[in-house]
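Notes for the one structure printed next.
The values are calculated or read from the model by the stated rules, or taken from the named source; none is laboratory data. Not measured: the values here are computed from a predicted model. Ideal geometry is used to build each Cβ from the backbone, glycine not excepted, and the neighbour counts take in all protein chains shown. These accessible areas exclude ligands, DNA and RNA; they are computed on the full protein's heavy atoms, side chains included. Shrake-Rupley method; radii C 1.70, N 1.55, O 1.52, S 1.80 Å.
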Amino acid sequence: MRVFGLIGNPLTHSFSKKYFTQKFEQENIAGCRYELYPLENIDQLPALLQQEPALEGINVTIPYKEQVLAYLDEQSPAVQQIKACNCIHIANGKLVGHNTDVLGFQRSLQQQLQPHHTQALILGTGGAAKAVAFALQQLQLSYQYVSRRPGDNTIGYEDLSPALMQSHTLIINTTPLGTYPNTEEAPPIPYALLTERHHLYDLVYNPAATLFLRKGEEQGAQVQNGADMLVIQAEESWKIWNS
């Protein structure tokens, strides 16, 4: 039996097990299973690997995309540059880190981009935010980090002026705010300043319409959730695990 799975905390929102289980059934892929492994602390990873010696591949989600780097034996060039990993291939006893978030985000965003979407606001500064920033660089789009804790190259939500909101028409939520079951949470941006020129992208896909996206729609903005990104990055993970 080939075993794959997802680590993170919490995992109640995740569709990954359902996605891969359906994939195995629909594509007649025998001898494979995908499990959820909620870890209270990343330090529990070595114990998990001992308990599941058949593990060949691991997806990594919040809050461990950066913390997991310390446990990798090798890192792909993207992981080395981004400093975040969401996919691990276990081969010959070694943990090799990859980042499929970049491809997932980039391909799904490109389907919706308009010519005036040249400047972006990235809400959050974690591992997913770093993958988004890397993808935006490849698309030659400028960006500004926004966080509750402003610092180097990062502004606070209170700094989102009318001028900044007008010029940055692409807004990407990389925080877990709004994720099931806390569906009434949303990043504290000035939603009243949104227009039909704005495109709101939420990496959250459960629920499909987060409060962040609903508030954007009320102002006429384009909205997009992370469902397509999930599929693209999951399929890329499968390719890596079978390479």
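Brief remarks follow.
- Odd one out for ARG107, checked against (1) touching a residue at least 40 places away in the same chain (Cβ under 8 Å); (2) over 17 Å from TYR205 (Cβ atoms); (3) open to solvent by 20 Å² or more (accessible area, probe 1.4 Å); (4) not in a strand (DSSP E or B): (2)
- Members of the range 168-193 that are open to solvent by less than 10 Å² (accessible area, probe 1.4 Å) and touching a Lys or Arg at 6+ places or on another chain (Cβ under 8 Å): THR169
- Cβ-Cβ under 6 Å pairs, at least 6 apart or on other chains, the range 216-228 side closer than 11 Å to LEU193 by Cα, far side open to solvent by less than 40 Å² (accessible area, probe 1.4 Å): GLY216/LEU194; GLY216/LEU200; GLN219/LEU194; ALA221/LEU194; ALA221/HIS198; ALA221/LEU200
- Identity of the residue in the range 15-59, assigned to a loop (DSSP other than H, G, I, E, B) and within 24 Å of ASN92 (Cβ to Cβ), that ends up most open to solvent (accessible area, probe 1.4 Å): PRO53
- Residue check, VAL96 over 19 Å from PHE212 (Cβ atoms), touching a strand residue (DSSP E or B) at 6+ places or on another chain (Cβ under 6 Å) and not in a helix (DSSP H, G or I): yes
- All conditions in (1) modelled with pLDDT of 95 or more; (2) under 25 Å from TYR205 (Cα atoms); (3) of a type in the set (A, V, I, L, M, F, W, C); (4) not in a strand (DSSP E or B) hold for ILE62, with the sole exception of (1).
- Lone unmet requirement of (1) without any contact (Cβ under 8 Å) to a residue 12 or more places away in the chain; (2) in a loop (DSSP other than H, G, I, E, B) for THR12: (1)
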